[in-house]
1. According to a simple spin-label model (label point 7 Å from Cα along Cα-to-Cβ), what is the distance in nm between residue 111 and residue 17?
2. ³J(HN,Hα) across region 24-30 via Karplus (A = 6.51, B = -1.76, C = 1.60, θ = phi - 60°), whole Hz, x for Gly/Pro?
3. Taking Cα pairs under 8 Å and at least six residues apart, what relative contact order does the chain come out at, in percent?
4. In degrees, nearest 10, range 0 to 90: what is the angle between the Cα axis of helix 168-185 and the longest Cα principal axis of the chain?
5. So who's got an amide H within less than 5 Å of the one on residue 287, skipping anything under 5 residues away but keeping other chains? H placed 1.01 Å off N, in plane.
6. What number, in percent, do you get for the relative contact order of region 1-152 if the mean sequence gap of Cα pairs under 8 Å and at least 6 apart is divided by its residue count?
7. What is the distance in Å between the Cα centres of region 48-68 and region 334-385?
8. Measure nothing but the geometry: give the 0 to 90° angle between the long axis through the Cα atoms of 109-123 and the longest principal axis through the Cα atoms of the chain, rounded to 10°.
Amino acid sequence: MARVVLRNVEKTYAGGTAAAVRDFNLDVADGEFVVFVGPSGCGKSTTLRCIAGLEEVTGGTIHIGGRLVNDVQPKDRDIAMVFQNYALYPHMTVYENMAFALKIRKTPRQAIGQAVDRTARILGIDKILGRKPKTLSGGQRQRVALGRAIVRNPKCFLFDEPLSNLDAKLRGEMRAEIKRLHLDLKSTTIYVTHDQEEAMTLGDRVVVMKDGVIQQCGAPLQVYQRPINRFVAGFVGTPAMNFFEGTIASDAGRLWFDEGAGRLAIPGWATEALRARVGSKVVLGARPQAIGDGGRASANGASANGAAPGQGNTLPMRVEVVEPLGDKLDVYLSTPRHRHVIARVEAGRPLAPDQTIAAHFDLERIHFFEATNAGALLATAAAEPA
Ligand code: ADP
């Protein structure tokens, strides 16, 4: 097993105008599971392919297991890569596919047999070793592709969107299997996905990327609770975080976030960061789980049966659409300035379109960002990581 270290890695494709990856710095610890996540085109695969040696970096260094590999051939890097399209050899049986890399390495036949049998049993494909890939289901093919990587006992596993071709149920099952395999094998793993849920459930750490640049790197919960900027906040979590632009006001001895239709009291933990911004615009972020139904609004915007008026934790909002999800409801809300706000509330609330409610904000679970393109985090209740 091995530590993987990237220093100032940069990749500009020949003919490419902008760098696909810029100033990428990362230490993947021995045995760690790190996930690169971000929207399509943000440079995840390029970074992974540079680690694999399938692309040459145009700047920086990559070390695998203490060895500088910039000029080392892919086959000599002691890594195994699993792709989305499986890339199995169609004319070979499952056994032959799994045995291939060991055969090339001139591993003795008996040792190959043992390695393939053991791995096939772990993956539940020991009954199909004699079959050809075209006779297998998508899930079985993906298991064979995994098995082929595992038998080689590489220093490091690289996964490039390995589950995107599978249907939702199978994807969930394979995700759990990959996680369990990692617990068993404890192999250094770097995994690329555009699916933030996959990233959050699999990774010891996630690396959120945008436009070839790392935005944030941290444990899934840390990135969720303390997103470093508006991009990360909006990318991680489902449904996505709601954003409200408003102005900081100072009144009656305290600070307020003035949305236009109403105002929210700035919680104590945010006053220090926001005091200097009185009169300026900021962005308030609230996840759908942090907005609730405080009850029907009265004429002055205060709640009739929810939180007491004047407490500063509700905004009058109009119900647009109610989507039942079984035990929950997704309620689409709007104010004159903000549309498509989503609140996820318990099912059974008497909510109907066109009604105005006092939407309740859990002020311990909101975030404040700069009202700029970069949208840096200004304040959040979640503690900074140690
Ligand atoms: P992701 O994996 O996050 O979807 P990629 O790493 O595939 O992103 O792509 C990053 C950027 O590099 C994109 O702008 C993409 O168009 C560009 N790119 C990827 N591969 C090539 C290539 N072979 N030649 C030129 N540009 C490329």
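No value in this document is a laboratory result; all are computed from the given coordinates. Here the structure is a predicted model, which means the values were calculated and not measured. Every residue, glycine as well, gets a Cβ built from its backbone with ideal geometry; the counts of neighbours run over all protein chains shown.
1. 5.3
2. Residue by residue, region 24-30 yields 8, 10, 7, 10, 9, 6, 4 Hz.
3. Details: 822 pairs, mean separation 56.8, N = 386.
Result for the chain is 15 percent.
4. 60
5. 242
6. Values: 209 pairs, mean separation 32.0, N = 152.
That works out to 21 percent.
7. Value for the Cα centre distance between the two parts: 42 Å.
8. 20
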